[in-house]
Amino acid sequence: MTRQMTGAKMVVQALKDQGVDVVFGYPGGAVLPIYDEVFQQNDIRHILVRHEQGAVHAAEGYARSTGKPGVVLVTSGPGATNAVTGLTDALMDSIPLVVLTGQVPTFMIGNDAFQEADTVGITRPCTKHNWLVSDTKTLSGTLHQAFHVATSGRPGPVLVDIPKDVQFASADYTPPQKARLDHYQPQVKGDMDAITELVVALEKAKRPVFYTGGGVINSGPAASQLLRELVDATGVPVTSTLMGLGAYPAKGKNWLGMLGMHGLYEANMAMHDCDLMINIGARFDDRITGRVDAFSPGSKKAHIDIDPSSINKVIRADIPIVGDVGHVLEDVLKVWKSRGRKINREGLQSWWARIEDWKKVNCLAYSQTGKTIKPQHALARLEALTKDHDRYICTEVGQHQMWAAQYLTFDDPNRWMTSGGLGTMGYGFPASIGAQIAHPDALVINVAGEASWLMNMQELGTAAQYRLPVKQFILNNERLGMVRQWQELLHGERYSHSWSEALPDFVKLAEAFGAKGILCKDPGDLDDAIMEMLNYDGPVLFDCLVEKHENCFPMIPSGEPHNKMLLGEASTKDAIGSKGAVMV
Amino acid sequence: MSALKIKKGSTKHSAYNLRPTFSDKIESHTLAIVVDNEPGVLARVIGLFSGRGYNIDSLTVAEIDHQGHQSRITIVTTGTPQVIEQIKAQLGRIVPVHDVHDLTVEGASVERELALLKVAGEGEKRVEALRLADIFRANVVDSTLDCFVFEITGTPDKIDAFADLMRPLGLAEIARTGVAALPRGR
């Protein structure tokens, strides 16, 4: 029972068969046949963005907040090249995306045709895989493969480049059940010998710590559930990377807070002094390790990762386990229980006593004095006033992002959308649009800096068009805050081009797009202003004028290990040596 | 969850063998990579090496299964054991890559390279070139009054040695195929 249809119709049919309900896109000459099919159906909703980069980040926000792949439809040439930043961002953070690009007709490829770009060539290093479809016969099979590759193993973005003549031509449609998914079946089950080795080490460890990452979230809600069960049953402390926040609840009793360059003192000290580190779905990123040769010197390291290339890339793993976090945790729990639920209680007790001492440092302390709002205070109030909501948080990149990670709490996975690996300024606003589309009744907040926010401000048009009540919480210090902080610490306080000059009046800007603008500069007005934002049913630009020269602490200076954290202004003088200065 | 189909690394010597020996010694390894012969697959492999700063000393590629559209890429690369392990793991991640074999660590293997050398000379030099070619079991595949083209097959070292000998005798041009390699036995 085969069905003949045009390539353009196949695209829409394949998306429906893959369970896609939303596509983020922007039309253009080379995708007109597909847009014509989109027009003639009602099953798939198309969200018109204002820039292709926004489409990709919106799809990322959709994907991260739902666990489903995000889908993007853009045209050839500039449509495709504008998508490159988003693709790279999704690749670094392992976000499943299927990006469809139009291409000039096959007979014009290579002729420098209008709006032609070598899309598969350009995107080869920034996708998990990509395809140029040269024949309508193979189109539907390729689309199903694309979804399979994007969502299997370590998730990531894939791209399918579809020439215009392939969209017009007709062929038989291959349904998903008949598509060849080739040999791409990554290993999900961990090696049982290694898992037993890990359990034995866990039973004996005096100072164990779980170091969890985005892999737990990507593995699905079941993995977060298993992590909670394992952590709570063993009583072992747990910390997480920026990407893994929410996998273990912030209100959980074993929670140490985020680790890393701007992580909590107790989390980093625990990492440095532990005797058993169990890395679950994290990748020893340089924001986490600090100086590699002084990284957690006395510990045995287990590493669970679905991607074999993550293991032994940066830090040597004593117990490497290739597999999906959910599957491996299930087996770890099974083995641990069958061996009698042993744990080194005495060791753990004194380990927790040390951790409690570190917690007393109270590394996130700040003082809200005077008439200027401290950014930390703004976030603490935002947290207090919104934490009981059905809440999704996005961020841009910079100081505000780190403060959001420090001062906001996450009790569930898929609630936190931030650009971790690539550090893409301009990510948060479109991501918040994607998250709001996926969860129309939820409270979606983008914590932003004014400079990051301006990088994709055109998406205010999208938010207004679809009446998306996204709340843009802009901590406005009129600076590129993180750049300014590094210039202060590393470059003799020469603040080269880190001012936000000629800033718009954000209230008027919001109003120009038909959104609401709120300006807040007095700490006394903050709560009322936040409530006003929450009570408004529509997009809000919240311009929160904050202390201009606040630095983000605690901080592991570049080139230093975990136990050499800077805790505040007093400790910053000459904190970064010449070797550290070359690091980013 | 356990209902999912699981395919482990196809041999225990594949990229999934993760017990490393970390040393700083630079080693040369010959990797055999079986890939789907689809457009861009070679670019993916080469892009991986350039993008991540690995070395390629030699690379050969040709389709080995015309029905199944599979190609075999043989790469000679250098790096510390950790880097070599990373290269194998990264290659294993590429979607059209079926299998990565490190022939240097997976027991004995046979390596061969073919080269064509054009040697121009007259008189005694021309005779000496022929004599040496005979010793190296190089064949004369073309001759003009003032030039020979020799074909020689062997390990890269043997070809290097032959080329060094031909240089003073009038070596004008050389073309080498790069290494093709297979493991010994079954």
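At q = 0.24, 0.29 Å⁻¹, what log₁₀ I(q)/I(0) does the stretch A:509-572 have when each alpha carbon counts as one equal point scatterer in the Debye sum? So the normalised log intensities work out to -0.96, -1.20. Just to verify a number: FRET efficiency for A:ALA442 and B:GLU63, C-beta to C-beta distance, R0 = 56 Å, to 0.05? E between A:ALA442 and B:GLU63, to the nearest 0.05, is 0.60. Dividing the summed helix terms, -39500 (n - 2.57) for each DSSP H run of n ≥ 4, by the number of residues in chain B produces a 222 nm estimate of -8000 deg cm²/dmol to the nearest 500. Taking all C-alpha pairs of the stretch A:92-187, those more than 19 Å from each other amount to 43 percent.
Of the two radii for the stretch A:252-292, the radius of gyration is 0.93 times the Kirkwood radius, both from the alpha carbons; that is the Rg over Rh value.
Per residue, the convex hull spanned by the Cα atoms of the stretch B:98-186 amounts to 108 cubic angstrom. Structural descriptor for the stretch A:401-449: relative contact order 34 percent, calculated from alpha carbon pairs under 8 angstrom and at least 6 residues apart.
Over the Cα atoms of the stretch B:136-186, the radius of gyration divided by the Kirkwood radius equals 1.05; this is the Rg/Rh ratio. The modelled label-to-label distance for the pair B:THR80/B:ASP134, using points 7 Å beyond Cα in the direction of Cβ, is 5.2 nm.
Taken along its principal axes, the alpha carbon cloud of the stretch B:35-85 reaches lengths of 37, 17, 17 Å, longest axis first. With 10 Å bins beginning at zero, the pair-distance distribution over Cα atoms of chain B amounts to 8, 30, 27, 20, 11, 3, 1, 0 %.
Just tell me, in residue order, which DSSP H segments of chain A are both 30 angstrom or longer along the helix axis (alpha-carbon based) and at least 0.5 in mean Kyte-Doolittle hydropathy.
In chain A, no H run is both long and hydrophobic enough.
Exposure proxy shown here: for B:GLU173, A:GLU488, A:GLU450, the number of other Cβ atoms within 10 Å sets the order, fewest to most, as B:GLU173, A:GLU488, A:GLU450. Remark: relative contact order (the stretch A:393-512) = 25 percent; criterion is Cα-Cα distance under 8 angstrom and separation of 6 or more residues. Under a 5 Å amide H cut-off, with hydrogens placed 1.01 Å from N, A:VAL444 pairs with A:TYR392, A:LYS471 among residues at least 5 apart or on other chains.
How high is the FRET efficiency between A:ASP525 and A:LEU48 when r is their beta carbon distance and R₀ equals 51 Å, given to the nearest 0.05? Calculated transfer efficiency: 0.90.
The three principal axes of the Cα atoms in the stretch A:213-300 give end-to-end lengths of 35, 24, 22 Å, sorted in falling order. If you take the alpha carbon atoms of the stretch A:258-366 and fit the smallest convex hull around them, that volume is 116 Å³ per residue.
Among A:SER350, A:SER134, B:SER28, A:SER310, what is the fewest-to-most ranking by other Cβ atoms within 10 Å?
Values: A:SER350 11, A:SER134 17, B:SER28 14, A:SER310 25.
Final ranking by Cβ density, sparse to dense: A:SER350, B:SER28, A:SER134, A:SER310.
Of the peptides A:80-90, B:35-45, the order by per-residue mean of other Cβ atoms within 10 Å, starting with the highest, comes out as A:80-90, B:35-45. Every Cα-Cα pair of the stretch A:369-501 was included, and the share exceeding 20 Å stands at 46 percent.
Over chain B, what is the relative contact order in whole percent, taking alpha-carbon pairs under 8 Å and six or more residues apart?
Contact order relative to length: 25 percent.
Please quote Rg/Rh for the stretch A:232-271 to two decimal places, taking the Kirkwood radius as Rh and restricting both calculations to Cα atoms.
Value, to two decimals: 0.94.
In summary, the protein assembly as shown shows an alpha-carbon radius of gyration equal to 1.06 times the 2.2 N^0.38 Å reference for compact globular proteins. Averaged over the residues of peptide A:128-139, the number of Cβ atoms from other protein chains lying within 10 Å of each residue's Cβ is 2. Inter-chain Cβ neighbour count for A:180-187, averaged per residue, equals 4 (cutoff 10 Å, partner chain atoms only). Karplus-derived 3J(HN,Hα) values for the stretch B:117-130, using 6.51 cos²θ - 1.76 cosθ + 1.60 with θ = phi - 60°, are 10, 9, 10, 9, x, 9, x, 5, 4, 5, 5, 5, 4, 4 Hz; glycine and proline are entered as x. If you wrap the tightest convex hull around every Cα atom of the stretch A:65-146 and split its volume per residue, you get 90 Å³.
Placing a pseudo-label 7 Å from each Cα along the Cα-to-Cβ vector at A:LYS178 and B:VAL141 gives an inter-label distance of 4.7 nm. Legend: calculated FRET efficiency, A:LYS253 to A:GLU346, from the Cβ-Cβ distance at R0 = 25 Å, rounded to 0.05, equals 0.85. For the stretch A:1-66, the share of alpha carbon pairs falling in successive 10 Å distance bins from zero is 19, 50, 26, 5, 0 percent. Annotation for A:LYS359 and A:GLU569: the two label points, set 7 Å from Cα along the Cα-Cβ direction, are 2.9 nm apart.
Under 5 Å between amide hydrogens, built in the peptide plane, is the criterion, and for B:SER58 it picks out B:VAL76 among residues at least 5 positions away or on other chains. Once Rh is set to the Kirkwood radius over Cα pairs, what Stokes-Einstein translational diffusion coefficient, in µm²/s, holds for the stretch A:142-189 at a temperature of 4 °C and a viscosity of 1.567 mPa s? Calculated translational D: 104 µm²/s. Please grab the % of Cα pairs in the stretch A:338-407 that end up more than 14 Å from each other. So the pairs more than 14 Å apart make up 74 percent of the total in the stretch A:338-407. In plain terms, the chain from A:ARG3 to A:ALA113 could stretch by 36.3 nm, reckoned as 0.36 nm per residue minus the Cα-Cα distance. If you sort the three axes of the alpha carbon gyration tensor as a ≥ b ≥ c, you get a/c of 1.5 or more for the stretch A:477-530 and a/b no higher than b/c, which makes it oblate. When each of A:PHE429, B:PHE150, B:PHE49 is scored by the number of other beta-carbon atoms lying within 10 Å, the sequence from fewest to most is B:PHE49, B:PHE150, A:PHE429.
Separation of the stretch B:135-186 and the stretch A:266-342, taken as the distance between their Cα centroids, equals 51 angstrom. Across the cross-link table entries A:LYS371/A:LYS548; A:LYS9/A:LYS178; A:LYS334/A:LYS359; A:LYS313/B:LYS88; A:LYS204/A:LYS300; A:LYS9/A:LYS128, which are compared at the Cα atoms, the separations over 23 Å belong to A:LYS334/A:LYS359; A:LYS9/A:LYS128. Per-residue shielding of A:304-315, expressed as the average number of other chain Cβ atoms within 10 Å of the residue Cβ, stands at 4.
Just so you know, all these numbers are worked out from the coordinates, no wet-lab data involved. From a predicted model like this one, the values you see are computed outputs, not experimental measurements. Cβ sites come from the backbone with ideal geometry, for glycine too, and all protein chains shown count toward neighbours.
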